[in-house]
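Laboratory data are not the source of any read-out in this text; all were calculated from the coordinates shown. Because the structure is a prediction, the values reported are computed rather than measured. Here the Cβ positions follow ideal geometry from the backbone for every residue, glycine too, while neighbour counts run over all protein chains shown.
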Amino acid sequence: MIKLLEKYSWISWVFVIIIAIAIFYISSLIFESSVGGKFGWKTIAYHFLAFFSLAFFLLPALVQGNKKPFIFWGIVIAVLYGISDEIHQLFVPSRHFAISDIMVNSCGILFSSLIYTISLKLRGKANKSLFMDNCRFCQIAQKKVQDYVIWEDKNFIAFLDVNPVKSGHCMLIPKRHTDYFFDLDDELYLGLFKTAKKLSEPIRKVIGAKRIGITVVGFDVPHAHLHLIPLQGSNELFDPKKFRKAKPDELRYIQEKLKDVLDSV
Ligand SMILES: [Zn+2]
């Protein structure tokens, strides 16, 4: 939820304004008897919850997950609003300025900022386990480096290879760091190929290729990736001149060895 409030910060600002206006309006109400203004548990609950809510929406709107110094300024703004709310009550008949209210307001604000700080810390930890330092593809997935991204969703991202074998050569990667392709969990593995199928036709049409070839190598960058390569003919990825005719004995020997192991799979 906090992430959504950061992403759509205008919603957070709308809530901040509504809560601020509500606080101002309630502080403008005149008590019918002097009992109403006493410092009871209802007053404590009201002040705590009102300023907790104000900070709950103000902090994501200001900080948006990455401008951490703004947490301090968010707290300052909320506390100042709490003080101005008490000053305002000096001018309302039957109300008065109360330091105790400011203390409770500040407790609500600090509790809200504590929750927000914990959420940022947990998110940081989750991201650390998803990504790896010094991995170029993790940096692309996190948008830490400029690259030629052509498509992305929650789990995968596709971008142009800066050293293309052919024009339009793309990379498709899972955002989560995994080095060896066959270490991907089944869900990501299948998702990667499904995504490759989805992207291949639009890429083929735009580049004007006959087919889209796929290869997996994985020694260049230690982050599982699929090459999507627009092809015009059959010899572009594999050079037939490099192929050699295998001897039947050699083929039979490897066949037996592999069959023995694969029988139990
Ligand atoms: Zn990585």
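With springs connecting C-alpha atoms under 10 Å apart, model the chain as a Gaussian network and identify which of 239, 161, 249 has the largest mean-square fluctuation. Result: 249 has the largest fluctuation of those listed.
Could you work out how far the C-alpha centroid of the range 1-22 sits from that of the range 199-265, in angstrom? Computed from Cα coordinates, the inter-centre distance equals 51 Å. Cβ screening of the chain for cysteine pairs under 4.7 Å finds these without a partner: 107, 170. Where does helix 70-89 land angle-wise versus the long Cα axis of the chain, in degrees 0 to 90, nearest 10? The helix 70-89 is inclined about 20 degrees to the chain. Compute the helix-to-body angle for 41-63: its Cα long axis versus the longest principal axis of the chain, expressed 0 to 90° and rounded to tens. Relative to the chain, helix 41-63 is tipped by roughly 40 degrees. Basic side chains Lys and Arg get +1 at the Cβ, acidic Asp and Glu get -1 at the Cβ, and with that the dipole of the chain about its Cα centre reaches some 720 debye. For the residues 56, 131, 72, a GNM of the chain with alpha-carbon springs under 10 Å puts the largest fluctuation on 72. In terms of surrounding Cβ atoms within a 10 Å radius of their Cβ, 223, 88, 96 rank from fewest to most as 96, 88, 223.
What shape does the range 2-130 take by its C-alpha gyration tensor, where a ≥ b ≥ c are the square roots of the eigenvalues and a/c under 1.5 counts as rounded, a/b above b/c as prolate, and the rest as oblate? The shape class here is prolate.
In percent, rounded to a whole number, the relative contact order of the chain is 13, using alpha-carbon pairs under 8 Å and six or more apart. With the simple model of a label 7 Å out from the Cα in the direction of the Cβ, residue 17 to residue 129 spans 4.0 nm.
Taking every C-alpha pair closer than 8 Å and separated by at least 6 residues, the mean separation divided by the residue count of the range 2-130 gives a relative contact order of 33 percent.
Springs between Cα atoms under 10 Å define the GNM used for the chain, and in it the highest mean-square fluctuation of 137, 238, 193 occurs at 238. Computed from the C-beta positions of residue 87 and residue 143 and an R0 of 45 Å, the FRET efficiency is 0.55 to the nearest 0.05. The rule of thumb for compact globular proteins, 2.2 N^0.38 Å, goes into the C-alpha radius of gyration of the chain 1.65 times.
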